[in-house]
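None of the figures in this text is laboratory data; all of them are computed from the coordinates on show. The model shown is predicted, which means the values in this text are computed figures rather than measured ones. For neighbour counting, all protein chains shown are included, and Cβ atoms are generated from backbone atoms with ideal geometry for every residue, glycine included.
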C-alpha cells in the first residue's frame with residue numbers, strides 16, 4: 001500500500017513540475033526606488049543653436065555649443081565649446097567663448113568656465129575690449145557680467161590685471177574689483 005501512495009505522489013509531483021516548467025515565463029517588473037516614476041533623462045543635442053528672447057520678442061542672447069545636455073534633476077543645461085552673442089542696452093554687440101558652460105533653466109544666468117574670452121566695444125569709447133578669465137557669470141536679465149577670479153582686460157594693446165570684475169552692460173560700467181595692476185592712458 002505504501003508503494004502505491006509513493007507512486008501516486010511521485011506522479012503528481014511530476015505533473016505539477018511539468019505544468020510549472022512549460023508555463024509561459026512572466027517578465028520581471030522593474031520599479032524605481034520607493035515607487036517613484038522613472039527618471040527623466042532630459043535632452044541632448046549636438047551643434048546646437050539657442051536664442052533666448054525677451055518679453056518684446058527681441059533676442060536677449062544666442063548660444064552656440066558643440067553639445068548641450070539637459071540635467072533635469074538640477075534644472076540646468078550643460079554646454080561644451082560655447083560661443084555666445086549678446087547685445088548691451090546701448091546697442092554694442094558682445095561675444096563670449098568658453099570651453100564649457102552651464103545655463104540655469106528659468107534663471108537667465110549663464111556660467112562660462114575654461115579659457116573664457118569676452119569681446120566688445122566699451123561704451124563711450126571706440127576701443128575693442130577683451131576680458132579673459134577662467135570663470136564668468138552672465139545674468140542675461142540684469143545684463144551683468146561678474147567674476148571673482150583673476151581677470152585680464154585688454155584694450156588698445158594694453159593689459160590690466162585684476163582679481164574680480166563687475167560689468168553692468170545696461171549702465172555701461174566696467175569695474176575691476178581688487179589687486180589691479182597695469183596702466184591705461186587713452
* Asked: Classify the stretch 44-181: rounded, prolate or oblate, from the alpha-carbon gyration tensor (a ≥ b ≥ c, eigenvalue square roots; a/c under 1.5 rounded; otherwise prolate if a/b is larger than b/c)?
  -> prolate
* To do: Give the order of 43, 61 when sorted by the count of other beta carbons within 10 angstrom, beginning with the fewest.
  => 43, 61
* Rounded Å value of the spacing that divides the Cα centres of the stretch 111-179 and the stretch 78-106 -> 13
* Scale the Cα Rg of the stretch 65-145 by the rule-of-thumb value 2.2 N^0.38 Å and send over the ratio, two decimals. => 1.12
